[in-house]
Each structure stands twice: as C-alpha cells, then as structure tokens.
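As structure tokens, the structure follows; a few thoughts come after it.
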Amino acid sequence: MRGELRRELCARNRLWARGRAHVESYGAESVIVYTAGDDGRHGNFFDASYKAIKARADWMRRFDKIHAQVRSLPKAESGPNGEPARRWRELDSSMSSDALLMNIFCAPGVLDSAVVRNALGMDGEAMPVFGWKARVPLASGRFDRTEVDMRWGGLLVEAKLTEGDFQTRAARIVDGYRDFDAVFERELLPRVELRAARRRTAVEFAEEFMQEWEDEAVDEDVAREFQAGDCGASAGS
C-alpha cells in the first residue's frame, strides 16, 4: 500500500511539475523536488498557502531544514547574479509530509474554519508552530529532542505521507520515556516481532528517518540504534 501510494505520488508530480521549476532525484524510483520559481511561486505548495507562509517569518523558518539526502539530487544552480546555490530543503520534496501539512493549515481560512476547529477541538487564538521541539522527558531525567511537525495550541500533529515504520519501536526504547505508563495502557498494546532493518538507500528521503536525539538525551548506543532504525528482532510496542 505504501509503495503504491509513493508510485502514484511520483506519477502525479511528474505531470504537476511541467512548467514548474524542479529536478528529479537519482535512482530507480526518482522523486520530484521543487524550487521557488522566478515568479515567487513554489511548485510544492498551493499559491495561497505559499504566500501565507512567506508572510510569516516563523513559518518561513521551516524552510531552513536542509534536505538530508542531498547527494541523491542534482546540484542546485547558482543565482542569476552569481549568488551561491541554494541548498535543497526538506520542504522542496514532493514526498515531504511537512509540506503536505503546511499546504493544508497555512491555506487562508483553514485556521478560522469552524468545521476544522470543532473537529480538532480547538479554541483560542493560538497560531500553529511548525517544527516544535517537544523535548520529551526520559526516565533518566534527560530529554529527547523529538520534533513535532505542528503544535496548534494544545494540539500536537505528526504528519505521515509514505512512511511505513512509525507505528512500532523496540520495547526497550519506549520504556526509556518517563511518562510512558501514564499515557498508554501497556497491557493493551500489541507486541510484535520486529523485522531486521534493511539498509536505507539514498533515494529514501528525510521524511522516512526518525528524529535526532539531543547529545545528552539517552545512552549513545540506544540513540545510534534509534537513528539507524536498526532494532533487530526484539519485541516492539
């Protein structure tokens, strides 16, 4: 299912990209990655959403997040007046779940919509914060720097597009969170045998990787395992 969705998104983006500034990644399953055109538009965003993002410096800062797999992309060209080449950003990718989220919630009228607010249980005048550092407390007294895609008041939103491995994690890792038992009914969670992780390829973009840990967040070996996604065949929760 995930693979079918990814292929359909790739096919649709090849049609959408015609006449819009873009490149394709290297590899068998190439992905469209967009740039901002000379007309001030960005192929990965609805015009109205992109205009709203550009009008807010805090939203625009989300474009500072560098694409983690730049080696799989053609080198960006320098500007017309010799400006340094712009580095590829994660939001440029047509597979970016962050871009999908911002396309929706930055569109004019969405935040004021009574239907949306009632469905999400929102009240008050808070504006969305994209890329919020949650600093989830660990049992050790330290924190991990899990980055939540969006915080809107008391609502936390994590967007997933084609990612398929975010619903399981090795039990010893989730046990490291201080409030795990206060949030989850442990005995009701299904336990499965995790498959040994395969090696990631360069064409699998940043959206498919887990968040980084703070330097002091957790035992270095666990952090390294978490980032690599290599949980072996241990039981997961």
**Message:** Tell me the residue from Arg62, Arg71 that is modelled with pLDDT of 80 or more and not β-branched (Val, Ile, Thr), please.
**Reply:** Arg62
**2 or more residues of a type in the set (Ser, Thr, Tyr) and either surrounded by 15 or more Cβ atoms within 10 Å (Cβ to Cβ) or more than 20 Å from the chain's Cα centre (by Cα) (or both): qualifying strands (runs of 3 or more DSSP E) within region 104-196** = none
**Qualifying residues in region 23-36 (those that are out of contact with any strand residue (DSSP E or B) (no Cβ under 9 Å at 6 or more places or on another chain) and farther than 15 Å from Arg12 by Cα) - the one modelled with the lowest pLDDT** = Ala28
**Message:** Regarding region 39-52, can at least one residue be identified that is touching a helix residue (DSSP H, G or I) at 6+ places or on another chain (Cβ under 7 Å), hydrophobic (A, V, I, L, M, F, W, C), assigned to a helix (DSSP H, G or I) and modelled with pLDDT of 90 or more?
**Reply:** no
**Asked** Is it true that some residue in region 37-59 is charged (D, E, K, R), in contact (Cβ under 8 Å) with a residue 12 or more places away in the chain and within 11 Å of Asp92 (Cβ to Cβ)?
**Response** no
**Request:** Check whether at least one residue in region 108-118 is over 23 Å from Glu158 (Cβ atoms) and either among the basic types (Lys, Arg) or touching a Ser or Thr at 6+ places or on another chain (Cβ under 6 Å) (or both), and report yes or no.
**Result:** no
**Item:** Pairs where the first residue, in region 113-141, is within 29 Å of Glu90 (Cβ to Cβ) and the second is open to solvent by 60 Å² or more (accessible area, probe 1.4 Å) and assigned to a strand (DSSP E or B), C-beta under 6 Å, 6+ apart
**Value:** Val129/Arg151; Trp132/Arg151; Arg135/Phe143; Pro137/Phe143
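The values are calculated or read from the model by the stated rules, or taken from the named source; none is laboratory data. This one's a predicted model, so the numbers in the text were calculated from it and none came from an experiment. Virtual Cβ from ideal backbone geometry, glycine too; neighbours counted across all protein chains shown. These area figures cover heavy atoms from the full protein model, side chains too; ligands, DNA and RNA do not enter into them. Shrake-Rupley method; radii C 1.70, N 1.55, O 1.52, S 1.80 Å.
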